[in-house]
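Report on one structure; see the data block that follows.
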Amino acid sequence: MADFSSLGLSDWLIKQCKQLGIQKATPVQENCVPAILQGRDCMGCAKTGSGKTAAFVLPVLQKLSEDPYGIFCLVLTPTRELAYQIAEQFRVLGKPLGLRDCIIVGGMDMVTQALELSNQPHVVVATPGRLADHIRSSSTFSMAKIQFLIMDEADRLLEQGCTDFTKDLETILTAVPAKRQTLLFSATLTDTLQELKHIAMNKPFFWESKSETRTVEELDQRYILTPEKVKDAYLVHLIQTFTDQHDDWSIIIFTSTCKDCQILTMMLQKFHFPTISLHSMMKQKQRFANLAKFKASVYKILIATDVAARGLDIPTVQVVINHNTPGLPKIYIHRVGRTARAGRNGVSITLVTQYDIHLVHSIEEQIQTKLKEFPVEEKEVLKILTQVNVTRRECEIRLESTDFDEKKEINKRKQLILEGKDPDLEAKRKAELEKIRSQKKKFKQKIQENIDKQKQKQLKKKLLKRKRTKKTAQDSA
Ligand SMILES: Nc1ncnc2c1ncn2[C@@H]1O[C@H](COP(=O)(O)OP(=O)(O)OP(=O)(O)O)[C@@H](O)[C@H]1O
């Protein structure tokens with residue numbers, strides 16, 4: 001690992017790093033910092049927990065100190081919690097500069113944010129949706145002079161997943177100047193490289209950590225094969241074992257849906273585990289409060305959806321449990337990357353049902369590592385099976401008696417309205433699309449059936465012809 005002084009960083013920044021216990025540059029910092037200081041666009045792809053944030057924060061602060069003005073730098077990131085974490089790094093490292101930052105994320109007061117933006121902060125850290133709203137609705141601030149556009153978790157920002165940022169990114173990209181430095185970072189950049197090259201247009205410096213595996217060596221990656229019905233009993237057993245054995249361990253459990261996240265939280269609380277949840281159906285203030293309590297180890301277990309899968313840096317997390325096997329290797333890489341960060345050790349355990357085995361194979365292929373089985377005393381699990389499943393059912397019934405599903409529907413409708421769509425028309429459009437899709441499927445099936453029939457006919461004809469030729473040959477012989 002290189003000394004920060006050899007990277008071209010100023011003494012005050014090196015001193016600031018030292019105060020934080022950051023002595024030597026990690027490879028992504030060693031390679032990207034000099035290129036950024038030279039004024040180049042940069043794409044950095046390095047494993048989770050390898051210090052990508054400081055790789056862009058440090059050179060930006062150095063450039064800012066040479067010519068301080070606002071708004072100098074815009075950082076985009078997919079989740080609200082991550083925006084706060086990045087802003088914190090800017091604030092801590094940029095303290096000697098008297099850095100002014102501003103966080104623009106959904107779920108928080110828009111008027112306060114507009115005021116902060118009009119005060120020309122040096123650095124704006126934002127999620128795309130809320131920033132685009134401000135750009136569309138306000139003329140009290142300008143992004144026209146920014147020198148740096150940074151996209152952290154850049155591949156997620158470009159993905160058209162459950163949250164599609166495309167339109168908001170278009171709005172933001174028209175508000176920032178063409179002459180700028182663009183920096184793109186993620187642990188999984190490679191799938192979206194071509195799209196990203198359109199954003200970082202000036203022959204970007206591309207750096208990718210050279211390693212066969214895509215997860216860190218310090219991570220012990222395990223799986224447990226379990227029938228769906230026994231999954232929760234395994235979960236309770238695992239947590240009981242870890243909490244019995246380690247006082248200071250924190251655990252993140254990832255679930256596939258907000259509802260599952262809520263039910264599991266209720267269930268583990270019933271078993272008196274110090275559990276708290278994080279998902280997108282919660283009010284933003286509650287989300288921040290829960291995360292803060294987990295970070296402070298007031299609660300040792302965080303149950304979360306993929307809203308917590310990327311970027312979050314919580315050193316006490318020793319274990320990540322995937323309650324569902326992630327459908328995409330990329331999601332797996334980010335989830336398990338919440339532990340074993342910055343050279344520490346960690347364990348990940350993925351609960352796998354018989355229907356998920358193909359997913360595990362594609363994860364293993366991508367990460368170039370075989371997951372090992374996690375040994376569990378099955379007898380112990382079976383002992384608690386009935387109690388766990390009864391408790392889960394009770395929690396499900398309790399949740400059904402609240403307006404959780406209704407809230408979800410309302411949230412969906414709210415989101416559509418914010419996007420300028422009519423929820424009823426959208427529902428109709430979706431139903432029609434579904435109808436067309438199923439008609440197409442039926443049509444395809446019919447065509448396939450016809451092709452198969454024709455093939456069979458041709459085959460029969462061929463066989464018959466062959467038989468006849470053989471017979472004529474025999475006759476003439
Ligand atoms: N040079 C360094 N030496 C030691 N620790 C470092 C160094 N640089 C950063 N760190 C620490 O490493 C941890 C992980 O860094 P960071 O959050 O930037 O990782 P990342 O690469 O962005 O991970 P992810 O892909 O999960 O977002 C942080 O706690 C950070 O303070």
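Below, the figures for the structure above:
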{"read-out": "Out of 30, 81, sole residue that is within 10 Å of the ligand (Cβ to nearest atom), charged (D, E, K, R) and in contact (Cβ under 8 Å) with a residue 24 or more places away in the chain", "value": "30"}
{"read-out": "Evaluation of residue 379 against (1) part of a helix (DSSP H, G or I); (2) more than 14 Å from the ligand (Cβ to nearest atom); (3) buried (at least 16 other Cβ atoms within 10 Å of the Cβ) (one fails), failing number", "value": "(3)"}
{"read-out": "Subset of region 175-190 [touching an Asp or Glu at 6+ places or on another chain (Cβ under 6 Å), within 15 Å of the ligand (Cβ to nearest atom) and not aromatic (Phe, Trp, Tyr)]", "value": "186, 188, 189"}
{"read-out": "Meets criteria (within 25 Å of residue 233 (Cβ to Cβ) and within 9 Å of the ligand (Cβ to nearest atom)) for residue 338", "value": "yes"}
{"read-out": "Test result for residue 36, in a loop (DSSP other than H, G, I, E, B), over 24 Å from the mean Cα position of the chain (by Cα) and closer than 14 Å to residue 150 by Cα", "value": "no"}
{"read-out": "Residue match in region 251-258 (condition: among the β-branched types (Val, Ile, Thr), part of a loop (DSSP other than H, G, I, E, B) and closer than 26 Å to residue 344 by Cβ)", "value": "yes"}
{"read-out": "Single residue of region 338-365 satisfying the filter (open to solvent by less than 30 Å² (accessible area, probe 1.4 Å) and basic (Lys, Arg)) that is nearest to residue 254 (Cα to Cα)", "value": "338"}
{"read-out": "Test: residue in region 51-70 that is assigned to a strand (DSSP E or B), under 29 Å from the mean Cα position of the chain (by Cα), closer than 22 Å to residue 145 by Cβ and more than 12 Å from the ligand (Cβ to nearest atom)", "value": "no"}
{"read-out": "Condition met for residue 73 (more than 30 Å from residue 283 (Cβ to Cβ), at pLDDT 95 or above, of a type in the set (A, V, I, L, M, F, W, C) and in contact with a Phe, Trp or Tyr (Cβ under 8 Å, 6 or more places away or on another chain))", "value": "no"}
{"read-out": "Considering residues of region 222-241 that are in contact with a strand residue (DSSP E or B) (Cβ under 6 Å, 6 or more places away or on another chain) and in a helix (DSSP H, G or I) only, the residue nearest to residue 383 (Cα to Cα)", "value": "234"}
{"read-out": "Residue match in region 312-328 (condition: in a loop (DSSP other than H, G, I, E, B), over 21 Å from residue 25 (Cα atoms), out of contact with any strand residue (DSSP E or B) (no Cβ under 9 Å at 6 or more places or on another chain) and in contact (Cβ under 8 Å) with a residue 24 or more places away in the chain)", "value": "yes"}
{"read-out": "Residue match in region 139-160 (condition: in a loop (DSSP other than H, G, I, E, B) and within 16 Å of the ligand (Cβ to nearest atom))", "value": "yes"}
{"read-out": "Of all residues making up region 39-49, the number that are open to solvent by less than 30 Å² (accessible area, probe 1.4 Å) and of a type outside the set (A, V, I, L, M, F, W, C)", "value": "4"}
{"read-out": "Residue 166 being within 25 Å of residue 346 (Cβ to Cβ) and of a type in the set (Val, Ile, Thr)", "value": "no"}
{"read-out": "Filtered residue count, region 1-25, keeping only those that are charged (D, E, K, R) and part of a helix (DSSP H, G or I)", "value": "3"}
{"read-out": "Pair list, Cβ < 8 Å and 6+ apart or interchain, from region 139-153 residues that are over 23 Å from residue 59 (Cβ atoms) to residues that are open to solvent by less than 10 Å² (accessible area, probe 1.4 Å)", "value": "140/117; 141/71; 141/117; 141/134; 142/71"}
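Residue-wise test of (1) in contact with a Ser or Thr (Cβ under 7 Å, 6 or more places away or on another chain); (2) outside the structural domain of residue 149 (by the TED database); (3) open to solvent by 60 Å² or more (accessible area, probe 1.4 Å).
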residue: 16; (1), (2), (3): no, no, no
residue: 26; (1), (2), (3): yes, no, no
residue: 33; (1), (2), (3): no, no, no
residue: 55; (1), (2), (3): no, no, no
residue: 75; (1), (2), (3): no, no, no
residue: 80; (1), (2), (3): yes, no, yes
residue: 95; (1), (2), (3): no, no, yes
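For (1) buried (at least 22 other Cβ atoms within 10 Å of the Cβ); (2) outside the structural domain of residue 344 (by the TED database); (3) touching a helix residue (DSSP H, G or I) at 6+ places or on another chain (Cβ under 9 Å), each residue gets a yes or a no:
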{"residue": "226", "(1), (2), (3)": "no, no, yes"}
{"residue": "235", "(1), (2), (3)": "yes, no, yes"}
{"residue": "240", "(1), (2), (3)": "no, no, yes"}
{"residue": "245", "(1), (2), (3)": "no, no, no"}
{"residue": "271", "(1), (2), (3)": "no, no, yes"}
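The values are calculated or read from the model by the stated rules, or taken from the named source; none is laboratory data. Computed from a predicted model, the values in this text were never measured in an experiment. Counting neighbours? That spans all protein chains shown, and the Cβs are built from the backbone with ideal geometry, glycine included. Areas reflect the complete protein model, heavy atoms only, side chains present, ligands, DNA and RNA absent. Shrake-Rupley method; radii C 1.70, N 1.55, O 1.52, S 1.80 Å.
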